[in-house]
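Everything below concerns the one structure shown next.
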Ligand code: NAD
């Protein structure tokens, strides 16, 4: 089997999982990792049977692709260095801190004919994979991403830290241009926003209402999509999708399907059965699947699932939200 010579840059909280998983993926030959904190990288690398390099250049000379798992402020600089060494890039989310940096990185990668995949991990969440067999054409979306306080990630706003996951997924599902943004956010415990809410209106007519918080007592990661005759509820923490559909009375679910009629609404000709389905959610590790997908894209020369341009698009909307929070429209 053809294997991808692969390295990990940044072996902190998330980078350690990249190392652990890359060491187990058959399509990947994990050459080693690099972190400015060599001691930390050495501990993790030795437990995974790989090498902690003390020079980034030495690692880049030996690999064809890397995961970049350093703080977001470093993504562009580290990414450009990797492209100088002709490496394909898996970059954790958000792609970069600014749209200008993202454009620079994407342009360089295009010139060098290298792939960029961005770590928008929720695309690989079993809840999203379970709902993939349904046609998604939402008219209204409600997204809540609430986490407990954690000192990590406080250097950036909750919009770039958490809300960006939902922004990417919503842009991917709605497939329409954002026409207007109405955002607010407040800094409660850190210097950047800890809670933010935004209402996005799309050219298609869809409206998405997103709330993100990193100072909540009760964690929640849910997205509810409403579309003609259908309600799709995704729970990213529980990794499940619940689907409610309106059907003609007497509708028979296909044999083997989980569909069951749970109630009836309306009367006479207007009567409709409410049919509940719980599609099977694959038992996958989303980060592992992302890395496998990236390796497959590089080895087979195909477009990755989350290309750099889509990472840039999510960042552009996130930055527009931040700009509006910083300078709200006068009343
Ligand atoms: P972290 O601070 O725990 O780890 C970052 C590591 O990078 C540290 O070990 C640090 O020493 C190292 N580092 C810093 N600059 C470096 C450089 N120039 N070269 C090499 N090493 C360098 O951060 P983290 O929580 O692991 O986050 C890393 C990235 O992953 C961020 O972009 C973050 O947004 C992203 N992230 C994504 C998710 C997700 O759900 N996909 C979750 C957490 C973090």
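The values are calculated or read from the model by the stated rules, or taken from the named source; none is laboratory data. Because the structure is a prediction, the values reported are computed rather than measured. Every residue, glycine among them, receives a Cβ derived from its backbone with ideal geometry; neighbour counts consider all protein chains shown.
Evaluated against (1) outside any loop (DSSP other than H, G, I, E, B); (2) under 17 Å from residue 321 (Cβ atoms), residue 156 falls short on exactly one condition, (1). Per the conditions (1) within 16 Å of the ligand (Cβ to nearest atom); (2) crowded, with 23+ Cβ neighbours inside 10 Å; (3) in contact (Cβ under 8 Å) with a residue 60 or more places away in the chain, the sole criterion not satisfied by residue 172 is (2).
Results for (1) in a loop (DSSP other than H, G, I, E, B); (2) in contact (Cβ under 8 Å) with a residue 60 or more places away in the chain; (3) touching a strand residue (DSSP E or B) at 6+ places or on another chain (Cβ under 6 Å), shown as yes or no for each residue.
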site	(1), (2), (3)
188	yes, no, no
197	no, no, yes
201	no, no, yes
209	no, yes, yes
212	no, yes, yes
216	yes, yes, yes
222	no, yes, yes
225	no, yes, yes
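What do you reckon, is residue 67 surrounded by fewer than 17 Cβ atoms within 10 Å (Cβ to Cβ) and in contact with a helix residue (DSSP H, G or I) (Cβ under 6 Å, 6 or more places away or on another chain)? Step through it out loud before you land on a result.
Details: surrounded by fewer than 17 Cβ atoms within 10 Å (Cβ to Cβ): no; in contact with a helix residue (DSSP H, G or I) (Cβ under 6 Å, 6 or more places away or on another chain): yes.
Taking the combined requirement at face value, the residue does not satisfy it.
Residues are listed down the side, and each one gets a yes or a no for (1) out of contact with any helix residue (DSSP H, G or I) (no Cβ under 7 Å at 6 or more places or on another chain); (2) buried (at least 19 other Cβ atoms within 10 Å of the Cβ); (3) in contact (Cβ under 8 Å) with a residue 60 or more places away in the chain; (4) within 26 Å of residue 301 (Cβ to Cβ):
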position	(1), (2), (3), (4)
26	yes, no, no, yes
34	no, yes, no, no
46	yes, no, no, no
71	yes, no, yes, no
75	yes, yes, no, yes
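Residues of the range 185-193 include none that is under 17 Å from residue 142 (Cβ atoms), touching a helix residue (DSSP H, G or I) at 6+ places or on another chain (Cβ under 6 Å) and modelled with pLDDT of 95 or more.
Residue pairs whose Cβ atoms lie under 6 Å apart, sitting 6 or more positions apart in sequence or on different chains, and linking a residue in the range 132-146 that is over 22 Å from residue 177 (Cα atoms) to a partner that is at pLDDT 95 or above and outside any loop (DSSP other than H, G, I, E, B), are 145/162; 145/166; 145/212; 145/221; 146/213; 146/220.
Which of the residues belonging to the range 90-126 are in a strand (DSSP E or B) and more than 13 Å from the ligand (Cβ to nearest atom)?
Restricting attention to the range 90-126, the residues satisfying the condition of being in a strand (DSSP E or B) are 90-92, 116-119.
Selection gives 116 alone.
Spot the failing condition for residue 141; the list is (1) within 30 Å of residue 191 (Cα to Cα); (2) out of contact with any helix residue (DSSP H, G or I) (no Cβ under 8 Å at 6 or more places or on another chain); (3) away from the ligand (no atom under 16 Å from the Cβ), and only one is missed. Looking at each condition in turn, residue 141 falls short on (2).
In the range 199-213 there is at least one residue matching the filter, namely being more than 22 Å from residue 159 (Cα to Cα) and surrounded by 13 or more Cβ atoms within 10 Å (Cβ to Cβ). Among the residues of the range 227-251, those identified as surrounded by 15 or more Cβ atoms within 10 Å (Cβ to Cβ) and in contact (Cβ under 8 Å) with a residue 60 or more places away in the chain are 227, 230, 232, 234, 235, 236, 239, 240, 241, 243.
Among the residues of the range 79-129, what is the count of those that are crowded, with 19+ Cβ neighbours inside 10 Å and out of contact with any helix residue (DSSP H, G or I) (no Cβ under 8 Å at 6 or more places or on another chain)? The number of residues fulfilling the criteria is 2. In this structure, is residue 290 at negative phi and surrounded by fewer than 16 Cβ atoms within 10 Å (Cβ to Cβ)? Judged against the criteria, residue 290 is not a match.
Counting only residues that are within 11 Å of the ligand (Cβ to nearest atom) and under 18 Å from residue 112 (Cα atoms), the range 44-75 holds 4 of them.
Of all the residues that make up the range 1-35, how many are more than 12 Å from residue 69 (Cα to Cα) and within 15 Å of the ligand (Cβ to nearest atom)? Step through it out loud before you land on a result.
First, the residues of the range 1-35 that are more than 12 Å from residue 69 (Cα to Cα): 1-6, 20-32.
Cutting the leftovers down to within 15 Å of the ligand (Cβ to nearest atom) gives us 20-22, 32.
Here the count works out to 4.
Does residue 328 satisfy being within 19 Å of residue 169 (Cβ to Cβ), out of contact with any helix residue (DSSP H, G or I) (no Cβ under 6 Å at 6 or more places or on another chain), surrounded by fewer than 21 Cβ atoms within 10 Å (Cβ to Cβ) and in contact (Cβ under 8 Å) with a residue 12 or more places away in the chain?
On the way: within 19 Å of residue 169 (Cβ to Cβ): no; out of contact with any helix residue (DSSP H, G or I) (no Cβ under 6 Å at 6 or more places or on another chain): yes; surrounded by fewer than 21 Cβ atoms within 10 Å (Cβ to Cβ): yes; in contact (Cβ under 8 Å) with a residue 12 or more places away in the chain: yes.
Considered against the rule, which asks whether it is within 19 Å of residue 169 (Cβ to Cβ), out of contact with any helix residue (DSSP H, G or I) (no Cβ under 6 Å at 6 or more places or on another chain), surrounded by fewer than 21 Cβ atoms within 10 Å (Cβ to Cβ) and in contact (Cβ under 8 Å) with a residue 12 or more places away in the chain, residue 328 comes out as no.
Take the conditions (1) modelled with pLDDT under 95; (2) more than 16 Å from the chain's Cα centre (by Cα); (3) closer than 24 Å to residue 75 by Cα; residue 149 misses just one of them, which is (3).
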